[in-house]
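First the structure, in the form of C-alpha cells, and then the observations on it.
The values are calculated or read from the model by the stated rules, or taken from the named source; none is laboratory data. Keep in mind it's a predicted model, so treat the numbers as computed, not measured. Note that each Cβ is placed from the backbone with ideal geometry, even for glycine, and that neighbours are counted across all protein chains shown.
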C-alpha cells in the first residue's frame, strides 16, 4: 500500500480541534502567534507546540520578524488533502450510483 507521509502528517495535524481552529483562523489571513493563542484556552507554550505540528505537516509556515512570529497557511498542503478527499468522494459516488442502478434494475424484475 502506498503511503504518502506528507498527507499522513497533514491529517494527523488536522485531527486536533485546537489545530483545526488555528487553521480556520489562518484561512482568513496571516496571524501572529498571540492572535492565534487568544481564543484558545491553553498556555502560549502549548500553542507553540501545536504550531510546530502544523509546520511539520506543511500546512502552516511562520516567519519571525523582530519579536513577532507570524503564521500563514500553506495552500499547497491543504490542496493535497482536499484532492485526496475529493478522489475518494468521487469513487464512492460512482459506486453508489452503480448500486442505485442495480437496485432499480432488480426492482423492475
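Tabulated data for the structure shown
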{"read-out": "Selected residue (only one of 22, 42 is out of contact with any strand residue (DSSP E or B) (no Cβ under 7 Å at 6 or more places or on another chain) and surrounded by fewer than 16 Cβ atoms within 10 Å (Cβ to Cβ))", "value": "42"}
{"read-out": "Flag if residue 90 is touching a residue at least 40 places away in the same chain (Cβ under 8 Å) and either assigned to a helix (DSSP H, G or I) or over 13 Å from residue 19 (Cβ atoms) (or both)", "value": "no"}
{"read-out": "Residue 80 vs. criteria modelled with pLDDT under 90, surrounded by 11 or more Cβ atoms within 10 Å (Cβ to Cβ), out of contact with any strand residue (DSSP E or B) (no Cβ under 6 Å at 6 or more places or on another chain) and part of a helix (DSSP H, G or I)", "value": "yes"}
{"read-out": "Test: residue in segment 32-41 that is without any contact (Cβ under 8 Å) to a residue 12 or more places away in the chain, within 15 Å of the chain's Cα centre (by Cα) and more than 14 Å from residue 14 (Cα to Cα)", "value": "no"}
{"read-out": "Matching residues, segment 25-39, being within 18 Å of residue 76 (Cα to Cα), out of contact with any helix residue (DSSP H, G or I) (no Cβ under 9 Å at 6 or more places or on another chain) and surrounded by 11 or more Cβ atoms within 10 Å (Cβ to Cβ)", "value": "30"}
{"read-out": "Filtered residues of segment 50-77 (kept if in a loop (DSSP other than H, G, I, E, B) and either touching a residue at least 40 places away in the same chain (Cβ under 8 Å) or exposed (fewer than 10 other Cβ atoms within 10 Å of the Cβ) (or both))", "value": "58, 59, 66, 67"}
